[in-house]
Every structure is written in C-alpha cells, then in structure tokens.
Amino acid sequence: MVEELKIVKIGKIHTISRFFKILNSLSLKEQNKAFVKICYYFSIFLCYLHLSACIWYYIIRWHDQWIPPFNLDGYKYTSIYEESMLYQYLSSFYYMIACFGGNEMGPLNPLECIYIILMMVFAAIINANLFGEMSFLMTVVSKTQMEFQLKVDVANTTMHNINLENKVQEEIRQYFRFTQATLY
Amino acid sequence: MPKFIIRTNSKFRLYWDGLITFLAIVNLFIIPLEVAWIPKYSETLSYIVFDYIVDILFLIDIVLNFRTTIMDKYG
C-alpha cells in the first residue's frame, strides 16, 4: 500500500507548465521556438504513453489473467508475467501505442475493460489536439522557407517575362540565396 | 527591493525553473515505474537518498514561490 501512495508525488507534474515561461525568456527565432515546442509536445505524448503503460501493467498484475493479443493463437498461454522488467515494460508500452491507434486489446475483466475504454476516448481527444497543434507549429517552422520560395518564384517569372540575360538572372538568384542564408 | 525577494525574470529564477521542470519530468518517468514494477533499484540507499533530495528541492521551490515577484499590468 505504501508503494501505491507514492503515486501522489505525480502531482508535481504541474511544474512542467513552467517550460513555456522558460522558452519565452530565451532569445530564439520564431522558427526555432516553434521547433522546440514541437519537441515539447512530442515528449508530452511519450510521457502520456509511459504513464498509461505503467498503469496498464499495474492493472493486469492484479489478476494475472490478461493475454497479449499476439499470444491468442489457440493455446491462450503467455509468459509475459515471468519475463524481465524490460520485456514487460516494452510490451505494455507497445500495447498502449496499439490502444492509441484503436486496436484490440482483449481485456478480460471489468477493470481492464473500463481502463481500455477510457484510454481509447483520451486517445481520440489527444490525437485531435496534440497533432493538430504540432501540424500548426510545423507551418510556422517552414514559414520563412515558404516566403523565400514565393519571392524567388515571383523574381524568376518577372525575369523571364522581361527577357533578362541569363548571366544577370543568375546574379539575382545568387543575391536572393545570399540574403536568405544570412537572414536572422 | 526588500531582502530575500527574487525577481521573476532573474537568471537565478530561470535556472531554478529549468531544474524543477527537469526534476518533474524525471519524477514523471520514475514514479509510475516504481509503483507498477517495484524494481530492485528502488530499495537501494542511493535511490532513496536521491528521492529525498528531489522532495527537498520541491519543498524549497514552494518557499521560493512565496518570495518571487510577479508581473502585473504595470510591469
């Protein structure tokens, strides 16, 4: 019971929200900040998977009944409960990713069923919010590149229309590349 | 500025927030593993000492939060 009470320490997780305060006080370009935020959201996703894998293992250890779907081949035997901690952790983590994608988990008692239902519902919400946020940040990261490409496209079209010499066209393109490379 | 007051935008506060965020992430990984698997390393002296040090740092963080300025609408 003492071990279970240690889960109360997870309450400290709210301090992770200070990350944005730290990020805002750093002098980074907008694209670099967006990239750091993408890494932050990805690591939050990994933390979510890690937490759900540990809770899943804790639940299945109560009855030692659950059989991983890849062992459901007619014999209904699994050695997962006798394997090393690393194997057990990786299996739980793997099945939590599968659950995130809406795959069959084969829960065998009401508690396992309730947990899987909740995980699938949370997965749908997280899928929409987290990956939506990350895709928006990706557009911010590539914003400068897209603006540069637009300028080069307009310049190329104009140079072609006014029949500029090839040598002059190449010098203008080099000018664009140089200003883009030294842009801060 | 009164004594023992920390500015919210000071370097010390920035480094301290970084340390606390890092320790929170470490706790987020270690505590569920400890509760679910009860691994052997959680009974070693070095791990128990590390655990207590982290708890003490979080307690200090609570005290520091009471002695830190905040940014209001007047700056």
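Where a number appears in this text, it was derived from the coordinates with a stated rule and is not lab data. Quick caveat: nothing in here was measured; it's all calculated off a predicted structure. Note that each Cβ is placed from the backbone with ideal geometry, even for glycine, and that neighbours are counted across all protein chains shown.
Rounded to whole Å, the principal axis extents of the Cα atoms in the stretch A:1-53 read 49, 21, 9, largest first. Exposure proxy for A:29, A:21, B:73, A:12: other Cβ atoms within 10 Å of each Cβ, ordered fewest to most, give B:73, A:29, A:21, A:12. Applying 1/(1 + (r/R0)^6) with R0 = 45 Å to the Cβ-Cβ distance of residue B:9 and residue A:128 gives a FRET efficiency near 0.80. Treating r as the C-beta distance of residue A:113 and residue B:40 and R0 as 30 Å, the FRET efficiency rounds to 0.40.
Pairs of Lys residues in the stretch A:20-167, spaced 8 or more positions apart or belonging to different chains, with C-alpha separations under 27 angstrom: 12 in total.
For chain A, the equivalent ellipsoid built from the Cα gyration tensor has semi-axes of 52, 21, 13 Å, listed from largest to smallest.
For residue A:9, go through the aspartates and glutamates and keep the ones whose alpha-carbon is under 17 Å away, minus same-chain ones fewer than eight residues off. In chain and number order, the partners are B:34, B:51, B:55, B:61. Projecting the alpha carbon convex hull of chain B along each direction and taking the average yields 6.6 nm². Name all residues of the stretch B:31-75 having a backbone nitrogen under 17 Å from the label point set 7 Å from the Cα of residue B:19 along its Cα→Cβ direction, giving them as ranges. Hits in the stretch B:31-75 for residue B:19 at 17 Å: B:50-68. Give the cross-link partners of residue A:6 among the lysines, using a straight C-alpha distance below 23 Å as the criterion and excluding same-chain residues fewer than 8 apart. List returned: B:40. Secondary-structure-derived ellipticity at 222 nm for the protein assembly as shown, considering helices only, amounts to -23500 deg cm²/dmol, per-run term -39500 (n - 2.57) for DSSP H runs with n ≥ 4. The dipole here belongs to chain B: it is taken about the Cα centre, uses +1 on the Cβ of Lys and Arg and -1 on the Cβ of Asp and Glu, and is about 500 debye.
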